[in-house]
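The structure appears below as structure tokens.
The values are calculated or read from the model by the stated rules, or taken from the named source; none is laboratory data. In this text, all values refer to a predicted model and were calculated from it rather than measured experimentally. Because the Cβ atoms are built from the backbone with ideal geometry, glycine has one as well, and the counts that use them run over all protein chains shown. Ligands, DNA and RNA are stripped out before the accessible areas are found, and what is left, the full protein with its side chains, is counted by its heavy atoms. Shrake-Rupley method; radii C 1.70, N 1.55, O 1.52, S 1.80 Å.
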Amino acid sequence: MRVPLLFVLLSLTVAADARIGETTIQFADRYGRPKDTNLTAILDKNSPLVEGAVHHTYEYQGWKIRAAFLQLDGPAVRLDFQKTSAATAGIAIRDNELQAIASGNTPAGMTWKSITYDNPNSANKGVDKLFEGFVMGATGQKMWQRTDGAILWLRGNLIVRLELPAAREYEAQLKAAKEQKARTSVPRF
């Protein structure tokens, strides 16, 4: 698969101290070797963080960290943090743990601000989208945006998702390519 120039440039410009933009080598240095198994491969195939990306799973101090990389040696563009059964404080993510994830992924000079819930995979539009945001916010779904556009998403107190804008841009490109392919496959009657 050909990687767009945007992602090559992204890999050169991501701040080195921001974990979301780290490479597989930096992840291994920080969290140890990936714990990829046949089960994680099935999970990544059936429920990928980013379709077509390289996925790795790491275990670190009672946490499972799934990471998606658009290139083998490129930066992580989406991460999921989830506690394992080895976590000493239960599996629900506490505020201080969420803060530690946010702080660990905040390069110098950047900040996070709370934003309205916005699931990019939702088909809802207009008023339905606003209602969805209200309901999901009431059920523990919260989102923050970093100065550079990265998103931090607390998903029901069990999973924290962190993503660079490149992850959503890549998915939009994939969706457009699939739609174009579907349109061109229609016979000319």
>> Checking M110 against (1) within 17 Å of the chain's Cα centre (by Cα); (2) open to solvent by less than 60 Å² (accessible area, probe 1.4 Å); (3) modelled with pLDDT of 90 or more, only one condition comes out false. Which one?
In response: (1)
> If you take the residues in segment 62-77 that are part of a loop (DSSP other than H, G, I, E, B) and of a type outside the set (D, E, K, R), which one is farthest from T23 (Cα to Cα)?
Replying inline: G62
> Which members of segment 16-45 meet the condition of being modelled with pLDDT under 50 and open to solvent by less than 40 Å² (accessible area, probe 1.4 Å)?
Replying inline: A18
> Do we have any residue at all in segment 50-59 that's open to solvent by less than 60 Å² (accessible area, probe 1.4 Å), among the aliphatic types (A, V, I, L, M), in contact with a helix residue (DSSP H, G or I) (Cβ under 6 Å, 6 or more places away or on another chain) and at pLDDT 90 or above?
Replying inline: yes
> Taking D80 and the conditions (1) open to solvent by less than 10 Å² (accessible area, probe 1.4 Å); (2) in a strand (DSSP E or B), which numbered condition does it fall short on, given that it satisfies the others?
Replying inline: (1)
>> Test of understanding: among A100, A89, A123, A67, which residue is over 14 Å from V160 (Cα atoms), small (G, A, S) and at pLDDT 75 or above?
In response: A89
> Which of the residues belonging to segment 60-77 are buried (at least 18 other Cβ atoms within 10 Å of the Cβ) and either out of contact with any helix residue (DSSP H, G or I) (no Cβ under 8 Å at 6 or more places or on another chain) or among the hydrophobic types (A, V, I, L, M, F, W, C) (or both)?
Replying inline: W63, K64, I65, A67, A68, F69, L70, A76, V77
